[in-house]
Amino acid sequence: MAAGAGALAPVPGVPSASLHEFPYPPQTRPRVSGGSPAGGVPPATDLVLGATAGCLACVLTNPLEVVKTRLQLQGELQPPGTYPRPYRGVLRALGAVCRADGLRGLQKGLAASLLYQGLMNGVRFYCYSHAEDAGWTRYPGGTVAAGAIAGAVGAFVGSPAYLVKTHLQAQTLSSVAVGHQHNHESISGAFESIYRQHGVAGLWRGVTGAVPRVAVGSAAQLATFASAKDWVCEHQWFREGSWAAVLAGGMVSGVAVAVTMTPFDVVSTRLYNQPVDADGTGKLYRGFLDCVLQISSKEGLLGLYKGIGAVYLRLGPHTVLSLFFWDELRKMVQHQQPPGP
């Protein structure tokens, strides 16, 4: 959701047989001795596996995250057509980043992105696993609600890392710079500088945009991903159970998720990256609603959809890669567990 919010469980009402290849934990997992769910892994293990899977996927999708950040900051609070556009579309933006920062520029902020993915996905999978074990996902709408809540908690925990990630990914040469330039030397220097100037509260600046961003993205993906996968199989685009079908389902689902999540994503990026006064108050936006109103009035409603192409292209691959890595890691853990009594 990183973006990255991924689907975690089958949508209620969808026959389980059609989802047997999906790396989802079962809806009900009876406990065995030691507190581990039968046929599954404990929530604490899901925390580690979810964090690891999110980080592995992040390495491959971070370049699109860099492009998305630049596109969303381009022309900040300026009417359309009145500002230079060094970044035009996803492909040309990738080229512009390479020309300005070299190939390594496509992985700007990678360490902070990995930290965010590890924290956010680890906590998200952990919370969802607990909700599943408690039986909340068996109620109508429980899967979506649990996914949204788990995503919101994960976003809150990972907010400082997302703040630093945004600052580092926005930094570039002055000729192609967009948004405020914080000029951090490193990830550790960024954390130290923010904490020294604004204290602990400064590390959570922008969290009011991050929490609804991940909650909405997670809920939308849970509501559409499995159905989209079944749809591409029914139309015989790909063989059922293949990873091509899962990827295609992720890209179809990505349309709905990108449309619903991108406005929250733009607002989140702006809140995180804006310059602040000595007391930590934002110089451009007073909060989530003020940011929405300012973007809408000065950049038009389409301003809330800047970078939607990069958001969409990142969603499908990141979701599938996260699920794939998570599933493989869970299988390794399950094979090493001793059989129940």
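Readers should treat all values here as calculations from the given coordinates under stated rules, not as data from a laboratory. Because the structure is predicted, anything quoted here is derived from the model rather than measured. Note: ideal-geometry Cβ built from the backbone for every residue, glycine included; neighbour counts use all protein chains shown.
In table form, for the structure just shown:
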item	result
Close Lys-Lys pairs in the chain, where close means Cα under 13 Å and separation is 8 or more or interchain	4
Of 201, 258, 93, the one that fluctuates the most in a GNM where the chain has Cα springs shorter than 10 Å	201
Amide hydrogen neighbours beyond the local backbone of residue 276, cut-off 5 Å, H modeled	283
Fully extended contour minus Cα-Cα distance, from residue 82 to residue 186, at 0.36 nm per residue	34.1 nm
Residue 107-residue 204 pseudo-label distance in nm [points 7 Å out on the Cα-to-Cβ vector]	3.3 nm
Point-to-point label distance, residue 260-residue 286, nm (Cα→Cβ direction, 7 Å offset)	3.0 nm
Euclidean distance between Cα centres, region 52-129 to region 231-272, Å	17 Å
Paramagnetic reach from residue 278 in region 158-201 [backbone N under 20 Å; point 7 Å along Cα→Cβ]	193-201
Potential extension, residue 139-residue 60 segment - 0.36 nm per residue separation minus Cα distance	24.9 nm
Point-to-point label distance, residue 174-residue 297, nm (Cα→Cβ direction, 7 Å offset)	3.2 nm
Residue 197-residue 100 FRET efficiency (beta carbon distance; Förster radius 30 Å; 0.05 resolution)	0.65
Helix-only mean residue ellipticity at 222 nm for the chain, each DSSP H run of n ≥ 4 adding -39500 (n - 2.57), per residue, nearest 500	-22000 deg cm²/dmol
In degrees, nearest ten, helix 142-170 long axis to first principal axis of the chain (Cα)	30 degrees
Value of relative contact order over the chain, rounded to a whole percent, pairs C-alpha under 8 Å and six or more apart	28 percent
Around residue 79: net Lys/Arg minus Asp/Glu count, Cβ-Cβ under 9 Å	0
